[in-house]
Amino acid sequence: MRYIVGISGASGVIYGERLVKCLLEMKQEVFLMITDTAKEIFKHELNIEAGTYFKENEILHYLDYRDLFSPIASGSFKTEGMIVIPCSMGTLAAIANGSSDNLIERAADVTLKERRQLILVPRETPLNEIHLQNMLTLRKMWADIVAAMPPFYHKPQTIDDLVEAVVRKVTSLLGLKTTEEWKGRGQ
C-alpha cells in the first residue's frame, strides 16, 4: 500500500521519524516530504540530518516539498492516504483553507478531494480559537485529527514508549495492526 507522509516544521519531529520507520518495517510504500524548518528541528531535537537520514529505496521515495509537479500533486496518483506528522498550525491552517503553496498542502488538498484518508498530528499547546476552528473545519471534511497526546494506561517507562503510543494511534487509524487491544481492568 502507498502512503504519503509530510513532516512539517513543528516540534515533535520524532513522531514523523518513528512513523516512517514503522511504515517501512510493515513494508508499506512511503512518499516522504520534509520541510526546511522540519529539517532544522531534526537537527535540534534529534541531532539528525533529515535529508540524509532517510535512505531512498524501492519503498521509500523522498520528495521535495516545493515540487508541485510531483506525481502526488494529482488525484490520479493513487494512495491509501496521507499523514502530516507533526503538523504545524501553519500547515494545518493552509490545509483547512485550501492553500496549496507547497507539495504537503497540495497533496493534502488532493487527499481530501479524492476522499482518501487524511491524518493530521498537531503538536502544539495551548490551542487558540483559530487552531480549534481549523481542526473542526478539517474534521468536517473527514480528516482525522490525532493530537500528539500520548496515553498513560500502558504505563510508559520512556519517552520512546510515549512516542510509540501516538504512532500506534496513527497506524491503527490506517487499519495497520501494530498493537494489542487494551483489555481494561481485570481482563
- Task: Scan the stretch 135-145 for residues that are assigned to a loop (DSSP other than H, G, I, E, B) and either in contact (Cβ under 8 Å) with a residue 60 or more places away in the chain or more than 13 Å from V84 (Cα to Cα) (or both) and jot them down.
- Result: M141, W142
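Against the definition (part of a helix (DSSP H, G or I), at negative phi and not small (G, A, S)), how does K55 come out, yes or no?
Working: part of a helix (DSSP H, G or I): no; at negative phi: yes; not small (G, A, S): yes.
Taking the combined requirement at face value, the residue does not satisfy it.
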- Message: Being among the β-branched types (V, I, T) and touching a residue at least 60 places away in the same chain (Cβ under 8 Å): is that true of I59 here?
- Response: no
- Search result, residues across the stretch 73-95 that are buried (at least 23 other Cβ atoms within 10 Å of the Cβ) and part of a helix (DSSP H, G or I): T91, L92, I95
- With criteria (1) free of Cβ contacts under 8 Å to residues at least 12 places away in the same chain; (2) touching a strand residue (DSSP E or B) at 6+ places or on another chain (Cβ under 7 Å); (3) in a helix (DSSP H, G or I), K21 comes up short on (2)
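For the stretch 96-122, what are the residues that are touching a residue at least 24 places away in the same chain (Cβ under 8 Å), assigned to a helix (DSSP H, G or I) and under 28 Å from E45 (Cα atoms)? Walk me through how you get there before you give the answer.
Kept after step one, since they are touching a residue at least 24 places away in the same chain (Cβ under 8 Å), are these residues of the stretch 96-122: 96-97, 100, 102-104, 106-108, 110-122.
Imposing the further condition that a residue be assigned to a helix (DSSP H, G or I) reduces the set to 96, 103-104, 106-108, 110-113.
Answer for the stretch 96-122, where residues must be touching a residue at least 24 places away in the same chain (Cβ under 8 Å), assigned to a helix (DSSP H, G or I) and under 28 Å from E45 (Cα atoms): A96, L103, I104, R106, A107, A108.
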- Task: Go through the stretch 103-134 and give me each residue that's farther than 16 Å from E80 by Cβ, surrounded by fewer than 21 Cβ atoms within 10 Å (Cβ to Cβ) and not acidic (D, E).
- Result: T125, P126, L127, N128, I130, H131, L132, Q133
- In the stretch 6-29, what residues are buried (at least 24 other Cβ atoms within 10 Å of the Cβ), aliphatic (A, V, I, L, M) and within 17 Å of L173 (Cα to Cα)? L19, L23
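Hey, could you check the stretch 137-167 for residues that are of a type in the set (K, R) and at pLDDT 95 or above and say which is nearest to I14 (Cα to Cα)?
Step one: filter the stretch 137-167 for residues of a type in the set (K, R), giving 139-140, 155.
With at pLDDT 95 or above added as a condition, the list becomes 139-140.
Values: R139: 24, K140: 28 Å.
Among those that are of a type in the set (K, R) and at pLDDT 95 or above, it is R139.
The values are calculated or read from the model by the stated rules, or taken from the named source; none is laboratory data. This one's a predicted model, so the numbers in the text were calculated from it and none came from an experiment. Every residue, glycine as well, gets a Cβ built from its backbone with ideal geometry; the counts of neighbours run over all protein chains shown.
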